[in-house]
Number of protein chains: 2
Amino acid sequence: MSVTKKKRSTRLIELTRVLLESPHTLFSLTEWADTYGSAKSSLSEDVAMIKMTFETEGIGTVVTFAGAQGGVMYVPSMALSKAEAFVETLLQKVEDPSRILPGGYLYLTDLLGDPFILKDIGRLIAALFPAHTFDLIMTVETKGIPLAFAASYVLNRRVVIARRDSQITEGSLVTINYVSGSNRHIQTMSLSRRMVPEGARVLLIDDFLRGGGTLKGMSDLLKEFRAIPVGAFVLMEAAEQNVRLYEDYISLLRLKQLDDTHQTLNVEAGNVFIKWKDKSVS
Amino acid sequence: MSVTKKKRSTRLIELTRVLLESPHTLFSLTEWADTYGSAKSSLSEDVAMIKMTFETEGIGTVVTFAGAQGGVMYVPSMALSKAEAFVETLLQKVEDPSRILPGGYLYLTDLLGDPFILKDIGRLIAALFPAHTFDLIMTVETKGIPLAFAASYVLNRRVVIARRDSQITEGSLVTINYVSGSNRHIQTMSLSRRMVPEGARVLLIDDFLRGGGTLKGMSDLLKEFRAIPVGAFVLMEAAEQNVRLYEDYISLLRLKQLDDTHQTLNVEAGNVFIKWKDKSVS
């Protein structure tokens, strides 16, 4: 195969792009040597430069695996200082009385449609839940879906979406009933039979946690597949719940108080920074 | 401000990352000159190298705007040859009899949960619908959502999700009834009042097109906001429909034939490559 030898500058741009666009994907230096017409030693130097720059920027690292099956892999993360700054920005956006809805609900739909916010949330989830600890990401329609894909893009894990109604286009379904932790209503959740292999380790993602019934439901549904929930992330939890049906979760924000009569609300960081020290891979 | 002057190699890695992670975002060379402690002329050379490399790779271009309000911006796209190869791969995955569901439906849920496939679809949508021609991306829950966010990430436009049921957490809603084009059922679609500004130009995205009733419904719903649909993308259309309530769309795949009794199916490329010549920005 005839290959045009590429200059270091061009190579650095291409390798940076390839690594960023395919996180948690193993690339072989031997194959790169063919593609770029460069010595493996030069490519190793390129990778070292990229690794150092990524680490300085607080966006994760590039891991090198030795041996015949070896190669390099981009492992995205988020530095604690960046995560703190991001949560601060988010709190300012969220703590806005115009978001208060009748019945004590909070309007968050706009944030869940914003690609910039979602990219940061994805990176933050990657800092908390190392990709090698799970095989799949699970969410329930509808508002958890953008969060699940934000994580999926960064962690290179597929998303499975539990549906609240049975859909013919999902094929055979496993369906369970579960109890909402906050209002004790019975609800239904279904998951396509083909989507979860036995023994799969699953990261649960949802937008809002009140009584924890939804996370408990997701966990129960996974049992039907003999799959294992290994962690849970929610964008926001409501403080001071009488019942909490699911305990092992990380929340980005906590709704401390909301009064729709007097139009006041109080939002703080969730348990994310308490959990950070134990969990972070950055 | 004290700035450490950075080497070209470090700068190329950082600028490549910044541009890739924030497509359709204007960056000022003057600000970069401060951040990186480099002359604007050096940064211009860096940008020229990145632009050339991106163009060679078929992943779009970097546009430079002159003047005081000027700067540089990454405009993602996909080269036609890459789009053709991607559709070919997708056809091979889709044309699998095990995907045939009772009632003549096709199982596509796994593909819509795969981050690699979604990233390519996003880039392909970017090649067809230039970001400056629309302000928002609209979809209907549930299976259109991954596609809408795939486009959102690449095109830097927010996503609005129409709901099939009324949700208290969406705030005030605008709701319409619409007629499914294939089975003439009456269905309901709601959109949060706050999500669509008057006059907004909207790209419609959905997973599957039969009679076109859903796209027609989305378009009718937007009229209530005095917003304007400017284009539509669907992952797959069903061939030979008696009624087609919405005509101006681009489809990636076309389901030509599906027989659930004999377990045969035939899928081909949609109208995407017919439309490519008129639409492509690559």
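The values are calculated or read from the model by the stated rules, or taken from the named source; none is laboratory data. All values reported here derive from a predicted model rather than from experimental measurement. Glycine gets a Cβ as well: all are built from the backbone with ideal geometry, and neighbour counts include every protein chain shown.
Pull up the stretch B:235-267, narrow it to residues that are loosely packed, with under 14 Cβ neighbours inside 10 Å and within 19 Å of residue B:144 (Cα to Cα), then point me to the one that is farthest from the chain's Cα centre (by Cα). Within the stretch B:235-267, the match that is farthest from the chain's Cα centre (by Cα) is B:247. Kindly indicate whether residue A:113 is under 13 Å from the mean Cα position of the chain (by Cα), assigned by TED's automatic domain parsing to the domain that holds residue A:194 and small (Gly, Ala, Ser). Answer is no for this residue.
Within the stretch B:114-125, can you find the residues that are more than 8 Å from chain A (Cβ to nearest Cβ) and not hydrophobic (A, V, I, L, M, F, W, C)? B:120, B:122, B:123, listed by residue number. Taken across the stretch A:52-68, residues that are charged (D, E, K, R) and within 30 Å of residue B:195 (Cα to Cα) do not occur at all.
If you go through the stretch A:158-183 and keep only what is assigned to a strand (DSSP E or B) and either hydrophobic (A, V, I, L, M, F, W, C) or touching a His at 6+ places or on another chain (Cβ under 6 Å) (or both), you end up with A:159, A:160, A:161, A:162, A:173, A:174, A:176, A:179.
When residues in the stretch A:126-157 are screened for being in contact (Cβ under 8 Å) with a residue 24 or more places away in the chain, more than 16 Å from residue B:153 (Cβ to Cβ) and either facing chain B (nearest Cβ under 8 Å) or part of a helix (DSSP H, G or I) (or both), 7 of them pass.
The lone criterion from (1) under 28 Å from residue A:118 (Cα atoms); (2) not assigned by TED's automatic domain parsing to the domain that holds residue B:110 left unmet by residue B:87 is number (2). Answer yes if at least one residue in the stretch B:173-181 is within 20 Å of residue A:101 (Cβ to Cβ), of a type outside the set (Lys, Arg) and under 21 Å from the mean Cα position of the chain (by Cα), and no otherwise. No, the stretch B:173-181 contains no residue that is within 20 Å of residue A:101 (Cβ to Cβ), of a type outside the set (Lys, Arg) and under 21 Å from the mean Cα position of the chain (by Cα). Restricting the stretch B:204-231 to residues that are touching a Ser or Thr at 6+ places or on another chain (Cβ under 8 Å) and assigned to a strand (DSSP E or B), the residue that is nearest to the other protein chains (Cβ to nearest Cβ) is B:208.
The stretch B:1-113 holds helices (runs of 4 or more DSSP H) entirely within its bounds, and those carrying 3 or more residues that are within 14 Å of chain A (Cβ to nearest Cβ) and surrounded by 20 or more Cβ atoms within 10 Å (Cβ to Cβ) map to B:8-21, B:40-57.
Could you say which residue among A:205, A:228 is hydrophobic (A, V, I, L, M, F, W, C) and surrounded by fewer than 22 Cβ atoms within 10 Å (Cβ to Cβ)? Don't jump to the end; show me each part of the working.
Working: A:205 fails: surrounded by fewer than 22 Cβ atoms within 10 Å (Cβ to Cβ).
One residue alone meets the criteria, A:228.
Do we find a residue being β-branched (Val, Ile, Thr), under 19 Å from residue A:150 (Cα atoms) and at pLDDT 95 or above anywhere in the stretch A:219-233? Looking for residues that are β-branched (Val, Ile, Thr), under 19 Å from residue A:150 (Cα atoms) and at pLDDT 95 or above, one finds at least one in the stretch A:219-233, hence yes.
Does the stretch A:178-186 contain any residue that is over 27 Å from residue A:244 (Cα atoms) and of a type outside the set (Ser, Thr, Tyr)? No: the stretch A:178-186 contains no residue that is over 27 Å from residue A:244 (Cα atoms) and of a type outside the set (Ser, Thr, Tyr).
Number of residues in the stretch A:268-279 that are touching a helix residue (DSSP H, G or I) at 6+ places or on another chain (Cβ under 6 Å) and surrounded by 19 or more Cβ atoms within 10 Å (Cβ to Cβ) equals 0.
Applying the set (1) of a type in the set (A, V, I, L, M, F, W, C); (2) within 13 Å of chain B (Cβ to nearest Cβ); (3) under 29 Å from residue A:124 (Cβ atoms) to residue A:173 leaves exactly one unmet item: (3).
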